[in-house]
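**Student:** The structure follows.
The values are calculated or read from the model by the stated rules, or taken from the named source; none is laboratory data. Being a predicted model, the structure only gives us computed values, none of them experimental. Cβ coordinates were reconstructed from backbone atoms using ideal geometry, including for glycine residues, and neighbour counts include every protein chain displayed. Quick note on the areas: whole protein, heavy atoms, side chains included, nothing else; ligands and nucleic acids left out. Shrake-Rupley method; radii C 1.70, N 1.55, O 1.52, S 1.80 Å.
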Amino acid sequence: MPLEPFFPAGHIEVVCGPMFSGKSEELIRRVTRALIAKQDVRVFKPGLDDRYHATNVASHAGRTATAIPVQGTNEVRIHLGLEPQPALFGLENPDALEIKLPDVVAFDEAQFFDAGLVPLALQLARAGVRVICGGLDLDFRAEPFGVMPELLARAEHVEKLTAICVICGAPATRTQRLVNDLPARYDDPVIMVGASESYEPRCAQHHSVPR
Ligand code: ADP
C-alpha cells in the first residue's frame, strides 16, 4: 500500500492486529522502503520483548530490521536528543526543537510502551517525523491493549490486519492465550511460574476467555 505519497512527512501510522497477523512484516516492509529512499530511520522496541534477537525486529517468517531496545519512552527521548519529559501534554512547540530528528521513527510492540508514547508520537509528528507504530490492539482478553486505543484514535493512518484462525481458517482478529494447552482464564496472572504458555490467532467465535 503506497503510503509515502499521500501524507505530509509529519504524521502517525498504526499497524495493529492479533499475533501472527503480519504487523512485524508490515513494519519491516515500511522501514525497508524508507531505507531504500535513503531516509534516516530509527526503530525502537521494548527491551522486555527479546523474541529471536535483542537488537532486531523479527517477523515470524524470519525477516528482520535493526531495532534499538529501550526500557521506556524516556530512553527514546534521550536517544533522539529530546528533553526527557514533554513540557505539557500537547503544548510543545516543534519550532523550538533545534535538534536533527530522523525522517522516520518506528515503534515495534507499541502496546508494551508506557503512556508517554502518545505525547512523544504527537511531538515527533508535529516536528515533521513519520511515526510508525506496530502493536497488538487487543490483549488476550480481547480488551484494548495499553496505549494502543489512544494511538489508534490519534493516528492519521490505521491498518488493522488479520491472521488466520487456527480453528476454522476464518480471518482472526484476536489472540488466544493458552496455559497448559487450555484457554487462559480472565484473571490468570500475566506470568505463571511453571506453566507452559502459548498464543494463537483466532476469530471471535473461537476465542475463549473463561471467567
Ligand atoms: P505479528 O508481528 O503480527 O505477530 P509477523 O509479521 O511476525 O506477525 O508474522 C506473520 C507471519 O506469520 C505470516 O506471514 C505467516 O507466515 C506466519 N503465520 C503463522 N501462523 C499464522 C496464522 N495462523 N495466520 C497468519 N499467519 C501465520
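**Student:** Of all residues in region 7-48, which are near the ligand (Cβ under 8 Å from one of its atoms) and out of contact with any Lys or Arg (no Cβ under 8 Å at 6 or more places or on another chain)?
**Tutor:** Residues satisfying the conditions are MET19, PHE20, SER21, GLY22, LYS23, GLU26, LEU27.
**Student:** Tell me the residue from ALA170, ALA125 that is surrounded by 17 or more Cβ atoms within 10 Å (Cβ to Cβ) and small (Gly, Ala, Ser), please.
**Tutor:** Answer to the selection: ALA125.
**Student:** Still on this model: For region 173-187, indicate whether the set of residues that are open to solvent by 20 Å² or more (accessible area, probe 1.4 Å), within 13 Å of the ligand (Cβ to nearest atom) and in contact (Cβ under 8 Å) with a residue 60 or more places away in the chain is non-empty.
**Tutor:** Within region 173-187, one or more residues are open to solvent by 20 Å² or more (accessible area, probe 1.4 Å), within 13 Å of the ligand (Cβ to nearest atom) and in contact (Cβ under 8 Å) with a residue 60 or more places away in the chain.
**Student:** In this structure, is ALA163 within 17 Å of the chain's Cα centre (by Cα), away from the ligand (no atom under 12 Å from the Cβ) and of a type in the set (Gly, Ala, Ser)?
**Tutor:** Judged against the criteria, ALA163 is not a match.
**Student:** Collect the residues in region 128-148 that are open to solvent by less than 40 Å² (accessible area, probe 1.4 Å), free of Cβ contacts under 8 Å to residues at least 40 places away in the same chain and within 16 Å of the ligand (Cβ to nearest atom), keeping them in residue-number order.
**Tutor:** Answer for region 128-148, where residues must be open to solvent by less than 40 Å² (accessible area, probe 1.4 Å), free of Cβ contacts under 8 Å to residues at least 40 places away in the same chain and within 16 Å of the ligand (Cβ to nearest atom): just ASP139.
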